[in-house]
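Reading through the structure tokens given below for one structure.
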Amino acid sequence: MYWPQNHTPMQPGDIEAGIEITEDFEPFAQRDDVFTRAFWDETVRSPRTDAFFASYRMEATPRRGDGFQQRDFALRNAAWLISDIVSERGAAEGRREGFQAPIQPDTPMAPEQAQIDDPAAMSAEIKRIARFFGADLCGITRIDPRWQYASRVDTRDMSEAPNDLPPGITHVIVLGHQMDQGLVATYPSALAGAATGREYSHEAAIVMQLAAYIRNLGYQAVASMNDTGLVIPYALKAGLGEYARNQLVITPQFGPRLRFSKIYTALPLAPDRPKPLGVARFCAICTKCADACPVKALPYGPPSTERPNRSAIKGVRKWTSDAEECFGFWAKLASDCAICMRVCPFNRDFSRWYHRAWLRLALSPARKLALWLDRRRGGRIKPAAWWAGR
């Protein structure tokens, strides 16, 4: 699927969301995602990447050293368990649910639709139910074909497959799931990977339950994680945060320490509006993430349309990482890396008043002072200290 010719690339709310796309824009094919390429593209795949995936099944010998011992991998892999169960149940049909295919519904749709006279009230109800099931953030936006994958992946042979949704889908519910701050502080380590895995397992349960609630009301709902569409632009348009140099969405509640999931639905809803915060202005003077990246995969300078390789979307002006270099370092570690998240000045506990005061400073014209005040933060906590409860 290609972006239609003579179509205005920019849409209402894009500027407020910090989104800028150009005339050569094309929707992204999920087959070009670097994690998917690691299964079919010989320029990415290697014995090291194979060992990376094997380590999530405890098949690879754990590295020695603090944070990479057997118990570190054991906790990380246990944290992924629920997500793994969901993702593997459609494997025989070439669907890795939640990653290369949407999560299949486990409940039928009610034959009668609940009457909804007030979409704004329904949106408030959905946010309340999302919190009940365990989501930390919830925003709503309209479905946008620009951010849907041009095709999905048949995992039996890694070929392209149609990326279809049921007819009548109008909105996307975007959910945020907070990662454990203490574990994030130990990146890079297999132990820190437990923070990622726990939220993938949490979000799998939450999107399935919330989608089931909507289906029980008689409206179509499709639970989705990394599949079907790009979640970051949806999170921006849903007003949850602002895009940053480290490729993450900065939120005023949790900074960059979030995983995002989504639900595609035909439920009548009132969309949220993007909320410019001032993060981009701060990132323009801050390069802590780029400086800290061991393989220099993060960009310096202003946002651009430059594509380091095919794992970057075409025709979007933004900060773009070199996904091949980034994933290569993951493979070397046999675990994920989020040093860029750990060192980000916005990685703070905003339940504390002094961090909220810093946030106001960082999002104001006094951002240089905020950056100076952050100069000593972001250091790594030793995994052994986490295990010791310190």
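Scanning the range 312-336 for residues being under 23 Å from Ala280 (Cα atoms) and in contact (Cβ under 8 Å) with a residue 12 or more places away in the chain gives a total of 12. Scanning the range 108-131 for residues that are in contact (Cβ under 8 Å) with a residue 12 or more places away in the chain, exposed (fewer than 14 other Cβ atoms within 10 Å of the Cβ) and closer than 13 Å to Tyr219 by Cα turns up Pro108, Ala110, Pro111, Glu112, Gln113, Ala114.
Restricting Arg215, Arg259 to those that are modelled with pLDDT of 95 or more, surrounded by fewer than 23 Cβ atoms within 10 Å (Cβ to Cβ) and in a strand (DSSP E or B) reduces the list to Arg259.
Pairs are defined by a Cβ separation below 7 Å, a sequence spacing of at least 6 or placement on different chains, a first member in the range 153-165 that is over 24 Å from Lys262 (Cβ atoms), and a second member that is assigned to a loop (DSSP other than H, G, I, E, B) and not basic (Lys, Arg); the pairs so defined are Arg156/Gly94. Checked against the criteria, Cys289 counts as in a helix (DSSP H, G or I) and in contact with a helix residue (DSSP H, G or I) (Cβ under 9 Å, 6 or more places away or on another chain).
Quick check on my filter: what residues within the range 296-335 are assigned to a loop (DSSP other than H, G, I, E, B), in contact with a Phe, Trp or Tyr (Cβ under 7 Å, 6 or more places away or on another chain) and farther than 14 Å from Asn246 by Cβ?
The answer is Ile313, Ala334.
Could you tell me whether any residue of the range 59-66 is closer than 26 Å to Ile85 by Cβ, without any contact (Cβ under 8 Å) to a residue 24 or more places away in the chain and not in a helix (DSSP H, G or I)? Checked against the condition, which is being closer than 26 Å to Ile85 by Cβ, without any contact (Cβ under 8 Å) to a residue 24 or more places away in the chain and not in a helix (DSSP H, G or I), the range 59-66 yields at least one hit. Residue check: is Arg245 farther than 12 Å from Arg142 by Cα, of a type in the set (Lys, Arg) and modelled with pLDDT of 95 or more? Yes, satisfied.
Of the residues making up the range 116-136, those that are touching a Cys at 6+ places or on another chain (Cβ under 8 Å) and closer than 21 Å to Arg198 by Cα are Ala130, Arg131. Candidates in the range 166-194 are the residues that are under 30 Å from Asp144 (Cα atoms) and among the aliphatic types (A, V, I, L, M); of these, the one that is surrounded by the fewest Cβ atoms within 10 Å (Cβ to Cβ) is Ile169.
The residue that is nearest to Asp66 (Cα to Cα), among those in the range 350-390 that are assigned to a helix (DSSP H, G or I) and charged (D, E, K, R), is Arg356.
A single entry from Ala120, Ala161, Ala92 fulfils the requirement of being closer than 28 Å to Gly255 by Cα, over 21 Å from the mean Cα position of the chain (by Cα) and small (Gly, Ala, Ser): Ala120.
The values are calculated or read from the model by the stated rules, or taken from the named source; none is laboratory data. No experiment lies behind these values; they were computed from the predicted model shown. Quick reminder, even Gly has a Cβ in these numbers, built from the backbone with ideal geometry, and neighbours come from all protein chains shown.
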